[in-house]
Amino acid sequence: MRDGIQLWRPRADPWIRSSIPLVTFVTLGLPAGAIGVAWPYVRASFDAPLAGLGLMLVSFTLAYFLGSAVSGPLTSRLGTSRLLLGGCALSTVAWLGLALAPQWWLVPLVSFLAGAGSGLIDASVNAHISLNRGVRYMGWLHASWAVGAALGPPIVVLSLAGTSSWRAAFAAMGVAFLAVGLLIAVRRRDWVGEVVVPTGPALAEAPGTTSYGRAMLLLAGLFLVAAGLEATAGDWSYTQLTVGRAVSTGIASWGATLFWAGLAAGRVALGVVGNQLQPVRLLDAGIGVSALATLAFWLAPPLVSALIALPLLGVALSVIFPLLLSLTPSRVGAGLTAHAVGYGLAAGTIGGGGVPAGVGLALQSVGLSTFGPLLTIQAMVLALLHAISRRGSRRSARPGLGRPAS
């Protein structure tokens, strides 16, 4: 029996080690899909303003940005496992605190704690995986986050059906983060690994200072608008469908679930067959379909908007963020990639919180009918930035252009 156990462990241990980051990101994605569906009921419980969701998102995003920014220095001092435990602890307290909050003023406070915890977890896991895993595993990691986001709306619906309240859903998320923290504590050795040295052909030399500055601004703009479009659709579509267009809660919940499921399915497909397609062409398709899907969501009948346009938008958006990251080295050069990715993700964090917050203010001031046009405008801006970026990439690829003077 002892020999049998020794033979079994080598087979099980890699599987467990590979599963923990994926489970962590599923848990990390749960609140993203749940907040938009739960918001009308949260708002009613506290008699909060419609734009209160924007306040929650700003608080969450600010803390998320700060958590991500300090994760590098903290990792060198504390190690990845301790930083993850801290992030899980903050997230557990935050979501349990939201579930138990008696007054509205506590909601932005616990949202700040949740953002800090999520920022620490997101940055730490991504850094660890980028150093110790390959590109395909990174794709599966972000697909796992989308799976969690897709599970968020059904959890809220089950909570409402079973308890007539949204609070049980967020209590369950707090327990989920606690369970992940305990799992990480038990498997702390899994978060210590050797850095994988990248192999492959050398990338082209970096562009000159002017070209780099222009490319960086375009990349930051692309990350900001793409993240803002994704978050706006996820956070506000349910409210717009139910309150603004009189769609039933069941249909709207399905639409929200299918949006996040489309986001997950697209990233899974990218991880499986992405290497068989040209990344630039795939990015062209994703941004183009995003523009068409937002236009359809605005102009189509409510059922088509909820069950066809919204899921299609999820699929189209799913490939944009990973492909922007993959194409960064070819746009700014190998030596500047780390800086560009850092600035791009920072811009994405601002867009993911700031843009939905701004949309919330517009919806409260002008009306929910403006949601479709605002969503479409974001997609059009994204397409415009992409077209400018593509043109700049072609110019810098020509001999003698975009290279530093000797």
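Structure values in brief
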read-out	value
Some residue of segment 271-286 being buried (at least 24 other Cβ atoms within 10 Å of the Cβ) and among the aliphatic types (A, V, I, L, M)	no
Residues satisfying the stated conditions in segment 72-86, i.e. part of a helix (DSSP H, G or I) and open to solvent by 10 Å² or more (accessible area, probe 1.4 Å)	Gly72, Pro73, Leu74, Thr75, Ser76, Arg77, Leu78, Thr80, Ser81, Arg82, Leu85, Gly86
Flag for Val341 being open to solvent by less than 20 Å² (accessible area, probe 1.4 Å), at pLDDT below 80 and not aromatic (Phe, Trp, Tyr)	no
Sole residue being buried (at least 18 other Cβ atoms within 10 Å of the Cβ), of a type in the set (Gly, Ala, Ser) and more than 25 Å from Val355 (Cβ to Cβ), chosen from Ala114, Ala89, Ala32, Ala101	Ala101
Neighbours by Cβ (under 7 Å, 6+ apart or cross-chain): first from segment 291-317, more than 17 Å from Ala383 (Cβ to Cβ); second among the hydroxyl-bearing types (Ser, Thr, Tyr)	Leu310/Ser237
Segment 374-392: number of residues that are without any contact (Cβ under 8 Å) to a residue 40 or more places away in the chain and open to solvent by 60 Å² or more (accessible area, probe 1.4 Å)	3
When residues of segment 13-26 are limited to those that are open to solvent by 10 Å² or more (accessible area, probe 1.4 Å) and β-branched (Val, Ile, Thr), the one farthest from Leu178 (Cα to Cα)	Ile16
Qualifying residue in segment 284-295 (condition: at pLDDT 85 or above and either in contact with a Gly (Cβ under 7 Å, 6 or more places away or on another chain) or not in a helix (DSSP H, G or I) (or both))	no
Members of segment 160-174 that are in contact (Cβ under 8 Å) with a residue 24 or more places away in the chain and either of a type in the set (Gly, Ala, Ser) or open to solvent by 30 Å² or more (accessible area, probe 1.4 Å) (or both)	Leu160, Ser165, Arg167, Ala168, Ala169, Ala171, Gly174
Matching residues, segment 45-60, being open to solvent by 70 Å² or more (accessible area, probe 1.4 Å) and outside any helix (DSSP H, G or I)	Asp47
Count - residues of segment 257-282 that are aliphatic (A, V, I, L, M) and modelled with pLDDT of 90 or more	1
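The rows are residues; the columns are (1) closer than 24 Å to Arg43 by Cβ; (2) buried (at least 22 other Cβ atoms within 10 Å of the Cβ).
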| residue | (1), (2) |
| --- | --- |
| Ala231 | yes, yes |
| Ala269 | no, no |
| Phe297 | yes, yes |
| Leu307 | no, no |
| Pro322 | no, yes |
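The values are calculated or read from the model by the stated rules, or taken from the named source; none is laboratory data. Treat the numbers as computed from the prediction; the structure is a model and nothing was measured. Here Cβ is always computed from backbone atoms with ideal geometry, including for glycine, and neighbour counts include all displayed protein chains. These area figures cover heavy atoms from the full protein model, side chains too; ligands, DNA and RNA do not enter into them. Shrake-Rupley method; radii C 1.70, N 1.55, O 1.52, S 1.80 Å.
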